[in-house]
Amino acid sequence: MKKDRRKFLQLSSLGLGSMILNPFSGKASGKILQKPIVVSTWDAGIRANMAAWEILQQNGRALDAVEKGVMVTEAERNCCVGLGANPDRDGKVTLDACIMDENFNCGSVVFLERIKHPIHIARLVMEKTPHVMLAGEGAQQFAVSQGIPLEKQELSKEAKKEYEEWLKKTEYKPVINIENKQITAPGKLSDGSFNHDTIGMIAMDAAGNLSGSCTTSGMGFKMRGRIGDSPIIGAGLYVDNEIGAAVATGQGEDIIRVAGAHSTVNYMQQGFSPEEACKKVLEKLLKIKGSKAKDIQAAVIAISKTGEVGAYALQKGFIYAVCDANGKNRLINANFLI
Ligand code: SD4
């Protein structure tokens, strides 16, 4: 309890206290929420949810909400989802994103450089091309053809520092719950922003339609060209408007192995609640990984068609943000397996 209070005070000092009355005590799992609803991964989800909520409360589409919501996180220069992120081994930031609407329309970009809002390009791929996924140079060319400016190729101050540090050992070692770094080590980032590499968001609008988005810089210091689960429809994100929506976060290689988001929606189709569905997917992952599971984090959040929200994580430390029909926006600690 003391620890929760401390975390709350840390959030308050970052100006988040007014948004969340008791961020770590909420319990949405198992409860059917009135629509519209927006749910997103990690603590940065609080701010992203607020932008999504602006759209949802005006009877806007879930699709617009999930796009605009994660754009908030992408734009935070020192937040490691967008261009401020840690680079790959070659010192370059490469971004992945995907989006999916209530009609199985989906769009995705991978290995994209110098673009501020990959999620917007993913939406353009969905709406303006006959394809689902564009990669690298082709994705960038497409963005430019749509009037999107190329940003400078430079690392943020924090990323430059971390990269220089990494170069000393050149060891690829994903850090579990690195997304919570700001909470566990407040003040680490100079402007007080969060150190994330991914945000996933799912929403149900007032009309009852579901959509989802996911955007990431991937794992820091990855091999050049590496793609995780986040931009892969079915792995990082899946939406079936008749059943539910799910988005995953964590070690992408392992989430791909279990088709994380699609498997979760599949379990919901079989009658499992969102939380149970997320749990079943992570149980499978645990079974596959065995003792190696302790070295990774993976988590899934889900909404069912009835408006039930749930999540589960492999390890302790995964938090997610839920905003309900009253605009009450709070952080929730997910249950975990290990
Ligand atoms: C990836 N799934 O690229 C992403 C990383 C992530 O929180 O979700 N981090 O593998």
Equivalent ellipsoid dimensions for region 184-324 as semi-axes, Å, which come from the Cα gyration tensor, largest first: 24, 19, 14
Cut-off under 5 Å, modelled amide H: who pairs with ALA298 long-range: GLN251, LEU314, GLN315
Residues ILE319, ILE288, ILE148, sorted so that the one with the fewest Cβ neighbours within 10 Å comes first: ILE288, ILE148, ILE319
Rg/Rh ratio calculated on Cα atoms of region 33-333 (Kirkwood radius): 0.94
Farthest toward positive dipole pole in region 33-333 [+1 Lys/Arg, -1 Asp/Glu at C-beta], among ALA48, PHE221, ASN329: PHE221
Karplus-derived HN-Hα couplings along region 42-58 (A = 6.51, B = -1.76, C = 1.60, θ = phi - 60°), whole Hz, x at Gly and Pro: 6, 6, 5, x, 4, 6, 5, 4, 4, 5, 5, 4, 3, 6, 5, 6, 9
Per-residue HN-Hα couplings for region 86-96 [Karplus 6.51, -1.76, 1.60; θ = phi - 60°; Hz; x = Gly/Pro]: 5, x, 7, 4, 8, x, 10, 8, 10, 10, 10
Hz values of 3J(HN,Hα) by residue in region 131-148 - Karplus curve (6.51, -1.76, 1.60), Gly and Pro given as x: 9, 9, 9, 10, 10, x, 4, x, 5, 5, 4, 4, 4, 4, 5, 9, x, 8
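Since every read-out is calculated from the coordinates, none of them should be taken as a lab result. Just so you know, these numbers come straight off a predicted model, no measurement behind them. When we count neighbours, we look across all protein chains shown, and the Cβ atoms used for this are built from the backbone with ideal geometry, even at glycine.
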